[in-house]
Amino acid sequence: MPEDPFGPRKRLKKRRVAVKTPGGRTVYHYRRKIHGKAKCARCGRPLTGTRTGPRSVMAKLAKSEKRPNRPYGGYLCSKCLRDLMIGRAIGEGWAAMSPAGGLA
Amino acid sequence: MGVIEVGRLCVKVAGREAGRKCVVVRIIDKNFVEITGPKSLTGVRRRRANVKHLVPLPVKIDISEGASDDEVLEALKSTAIYEELVRETKSKGGGVS
């Protein structure tokens, strides 16, 4: 029997699917894992404007189709980005009065 | 309107220009203003912006309402903050000079 290229870590790399064979046995087939949705690094909410898929699909997409075109796009959600930017503006010693909110 | 007024330097906190500084050139209504980087300096193009996307800074430059990008640039050059704007823009890779 040829050696399994995934070795003993196969279960970590692949997901297992139970399949009934014609002979009546139940065997496990190993399939590719499905990628999870991108989440905000600060609040954990799923990111909008991002796509997920196998690498073969993602590689064909344009950069602008994979994440929002803004600083920290695809890493922080829009709300957390805004909090960060307001915090930075204040941190630089700038005015605290702001109609942008997040300070009250 | 408070501190959002013509000539006020602001930081954009939302969208693709988040974190970049800009100057208010015209008040459109109570929610919207016209801003400009100018683009050649900070990378913020001349556009309408919601005041909720702006955080005002304690710097105000002397420009007339509806001033052109060139006028804004000239007014900025006479302020102490100009050098800082140039430095920041370079570090962010923005601006078309």
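The values are calculated or read from the model by the stated rules, or taken from the named source; none is laboratory data. Note that the coordinates shown come from a computational prediction; the quantities given were computed from them, not determined experimentally. As a convention, Cβ positions derive from the backbone with ideal geometry for all residues, glycine included, and neighbour counts pool all protein chains shown. Surface accessibility is based on the protein's heavy atoms, side chains included, excluding ligands, DNA and RNA. Shrake-Rupley method; radii C 1.70, N 1.55, O 1.52, S 1.80 Å.
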**OP:** Only residues that are in a loop (DSSP other than H, G, I, E, B), facing chain B (nearest Cβ under 9 Å) and modelled with pLDDT of 90 or more: list them for region A:68-104, please.
**Re:** A:PRO68, A:ASN69, A:ARG70, A:PRO71, A:TYR72, A:GLY73
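A:GLY23: of a type in the set (Gly, Ala, Ser) and more than 14 Å from every other protein chain (Cβ to nearest Cβ), yes or no? Break it down stepwise before answering.
On the way: of a type in the set (Gly, Ala, Ser): yes; more than 14 Å from every other protein chain (Cβ to nearest Cβ): yes.
Taking the combined requirement at face value, the residue satisfies it.
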Subject >> Residues (among the hydroxyl-bearing types (Ser, Thr, Tyr) and surrounded by 16 or more Cβ atoms within 10 Å (Cβ to Cβ)) located in region A:49-81 >> reply: A:THR50, A:TYR72, A:TYR75, A:SER78
Subject >> Those residues of region A:69-85 which are of a type outside the set (Gly, Ala, Ser) and within 15 Å of the chain's Cα centre (by Cα), in sequence order >> reply: A:TYR72, A:TYR75, A:LEU76, A:CYS77
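Looking at B:LYS90, B:LYS21, which is the one that is touching a residue at least 60 places away in the same chain (Cβ under 8 Å) and of a type in the set (Lys, Arg)? Quick ask: steps written out before the conclusion?
Details: B:LYS90 fails: touching a residue at least 60 places away in the same chain (Cβ under 8 Å).
Criteria check complete, one pass: B:LYS21.
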Subject >> Selection status of A:ILE34, open to solvent by less than 70 Å² (accessible area, probe 1.4 Å), modelled with pLDDT under 90 and touching a Ser or Thr at 6+ places or on another chain (Cβ under 9 Å) >> reply: no
